[in-house]
1. Those residues that are closer than 26 Å to CYS161 by Cβ and hydrophobic (A, V, I, L, M, F, W, C), I need them from the stretch 310-340; list them, please.
2. What are the pairs, 6+ residues apart or on separate chains, where a residue within the stretch 401-424 that is assigned by TED's automatic domain parsing to the domain that holds LEU492 has its Cβ under 8 Å from a residue that is of a type in the set (Ser, Thr, Tyr) and not in a helix (DSSP H, G or I)?
3. At least 2 residues that are within 16 Å of ligand 2 (Cβ to nearest atom) and farther than 22 Å from THR148 by Cα in each: list the helices (runs of 4 or more DSSP H) lying fully within the stretch 173-259 that qualify.
4. Could you tell me whether the stretch 159-167 includes any residue that is touching a Lys or Arg at 6+ places or on another chain (Cβ under 6 Å), closer than 26 Å to SER383 by Cβ and either at pLDDT below 95 or not assigned by TED's automatic domain parsing to the domain that holds ASP251 (or both)?
5. Report, by residue number, each residue of the stretch 333-356 that is farther than 25 Å from ASN106 by Cβ and within 16 Å of ligand 2 (Cβ to nearest atom).
6. Name every residue in the stretch 441-458 that is surrounded by 15 or more Cβ atoms within 10 Å (Cβ to Cβ) and either under 22 Å from VAL400 (Cα atoms) or touching a residue at least 40 places away in the same chain (Cβ under 8 Å) (or both), in order of residue number.
Amino acid sequence: MAKSPANRQGRKAAVAEPVGDFFNSEETKRRLNATPMPSGKRRRSDEPAPASPASPVSPEKWAPHLRRAASETDANGVIKTTNAVVTCCSPKSPMKRLFAGLSQKNRWNPRDPGQMNAVKEAFHVSSPPATIVCRDSEQMRIFEFCKTCIEQETGGSLYVCGCPGTGKTLSMERVKELLGAWTKEVGFQFPVTLSISCNSLTTTSEIFLKILEKCHLKKVNGASSPLQHLRDSFSQRKEPICERAVLVIMDELDYLITKDRAVLHDLFMLTTYPFSRFILIGIANAIDLADRFLPKLESLNCKPMVVTFRAYNKDQILKILQHRIMAIGYDVFEPLALEFCARKVAAASGDMRRALSVCLSAIEKFETELKCDTTGSKIEMVSFDHMDNALSKAFRAPVVDTIQSLPQHQQIILCALVRLLRSRKTSTVGDLNKSYLEVCRSAQVTAAGMMEFSSMCRVLTDQGLVKLGNSREEKLRTVALAIDGADVAFSLKGIRFFRHCLE
Ligand SMILES: Nc1ncnc2c1ncn2[C@@H]1O[C@H](COP(=O)(O)OP(=O)(O)OP(=O)(O)O)[C@@H](O)[C@H]1O
Ligand SMILES: [Mg+2]
């Protein structure tokens with residue numbers, strides 16, 4: 001039995017108590033006030049309200065990075081750290097900021113293999129950053145949402161969306177750390193936590209069994225399905241599953257959005273049962289979720305709160321790169337080189353993975369040059385030219401030539417696919433055809449018929465540009481890009497029509 005809307009809306013909104021300097025800042029108050037309620041606020045009438053923490057929780061204890069962000073930034077926006085000074089969001093030019101930021105570093109000896117390897121390792125995409133920057137407000141909103149659910153002993157759902165490489169997965173780890181520190185501090189039990197990538201599920205409904213297993217609950221004598229078992233458990237107060245909050249973080253939710261919406265709806269519905277303490281966080285790229293499946297969830301009375309991770313802009317990319325450099329402690333790049341990378345990547349996609357891989361490739365170019373240098377010349381840093389070279393390689397791979405030499409209609413299909421996949425990872429041939437027809441209409445180009453369109457999709461697949469899934473019905477086949485969308489944008493940006501189309 002799901003909670004009635006009246007019940008759910010009638011509950012008092014929980015607002016975190018602002019404590020300490022950080023929480024008293026205007027910005028933080030604004031953020032806290034803006035945090036919407038998780039679904040289904042409930043205090044059981046026959047139970048005492050959980051004791052509020054005897055002493056206020058000091059935020060620096062469980063959100064040290066947040067406090068650092070506040071306290072170590074001076075009036076000019078300069079972040080001061082123990083071994084270096086890095087500027088951020090300063091009114092100065094990025095160049096000046098960068099020079100100021102890097103001025104107190106150790107000298108890098110790129111000829112030392114140990115130092116060179118450490119630098120390359122630091123810029124590897126799989127190396128976790130020492131600090132996550134530029135995502136404080138998103139992390140804060142997610143943390144507050146979980147905190148409210150735990151405090152009020154209720155379920156709730158949250159949808160985290162944003163383009164690739166914008167720090168969604170990374171931020172969840174941070175939120176879990178914050179929750180761990182906070183629950184310890186205030187004496188609440190840490191939720192039973194399951195983090196799962198939906199791509200790893202063999203069948204979509206396997207998720208319910210995984211949740212049961214995580215909660216150490218056994219399926220009841222084969223009679224009820226894992227889903228039914230969860231529903232029953234969340235409907236009865238005495239069930240052990242209701243004793244502790246269950247936090248399920250489902251990454252790559254796009255997979256479920258395109259594969260099995262029924263499972264998705266069942267999952268979100270689990271947050272609404274009368275004694276549910278099920279906290280669901282879904283992460284995906286789809287930004288247009290509101291148009292596509294929120295209305296259905298709303299009608300099921302389980303509309304999630306949404307937190308959007310915007311693509312990084314130039315200054316944010318620069319700042320994240322600077323922090324990596326700070327962690328190594330060497331001057332690795334000429335300041336202009338780094339700024340150039342940030343500008344180019346921000347213009348193409350705002351994807352941090354791309355920025356890191358371009359930096360790594362520039363370091364490797366510099367390393368090769370160093371090895372070939374027999375003159376003993378003083379090349380000491382990765383220069384603007386190395387970066388320029390790496391950027392051209394990244395955005396001008398052979399794939400760029402392939403795309404530029406495609407027939408016009410195949411270029412239109414690619415362009416239509418990039419537009420379609422801005423907000424999700426896969427789509428269907430049917431949807432791609434609609435998007436293609438729209439692009440043709442706006443370009444006043446006569447569109448190809450469905451048969452021809454399908455065969456063009458197959459050609460693009462053979463060229464390694466597109467991935468097509470299997471389905472008996474052509475229109476239901478899944479379709480995805482086999483290359484980076486930024487490469488398509490880069491390849492076609494010289495043609496005004498496509499530039500318009502991809503803006
Ligand atoms: N704010 C940040 N601070 C430091 N590093 C970051 C930040 N954002 C992203 N990165 C770097 O970029 C990588 C990719 O980030 P993450 O995996 O969180 O992206 P994502 O938004 O989950 O992407 P996708 O949608 O493709 O799953 C991280 O591993 C990290 O190295
Ligand atoms: Mg991710």
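1. ALA311, ILE317, LEU318, ILE320, LEU321
2. From residues that are assigned by TED's automatic domain parsing to the domain that holds LEU492, the pairs are LEU417/SER427; LEU420/SER427; LEU421/SER427.
3. Filter on the stretch 173-259 gives 254-259.
4. Yes: one or more hits.
5. Of everything in the stretch 333-356, those that are farther than 25 Å from ASN106 by Cβ and within 16 Å of ligand 2 (Cβ to nearest atom) turn out to be SER349, GLY350, ASP351, MET352, ARG353, ARG354.
6. Matches in the stretch 441-458: ALA443, PHE453, MET456, CYS457.
Here is a yes/no grid of residues against (1) over 21 Å from PHE453 (Cα atoms); (2) not in a loop (DSSP other than H, G, I, E, B):
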site: LYS378; (1), (2): yes, no
site: MET387; (1), (2): yes, yes
site: VAL399; (1), (2): yes, yes
site: LEU406; (1), (2): no, no
site: GLN411; (1), (2): no, yes
site: ARG419; (1), (2): no, yes
site: LEU437; (1), (2): no, yes
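The values are calculated or read from the model by the stated rules, or taken from the named source; none is laboratory data. Everything numeric in this text was worked out from a predicted model, so none of it was measured. All Cβ positions, glycine included, derive from the backbone under ideal geometry; neighbour counts span all protein chains shown.
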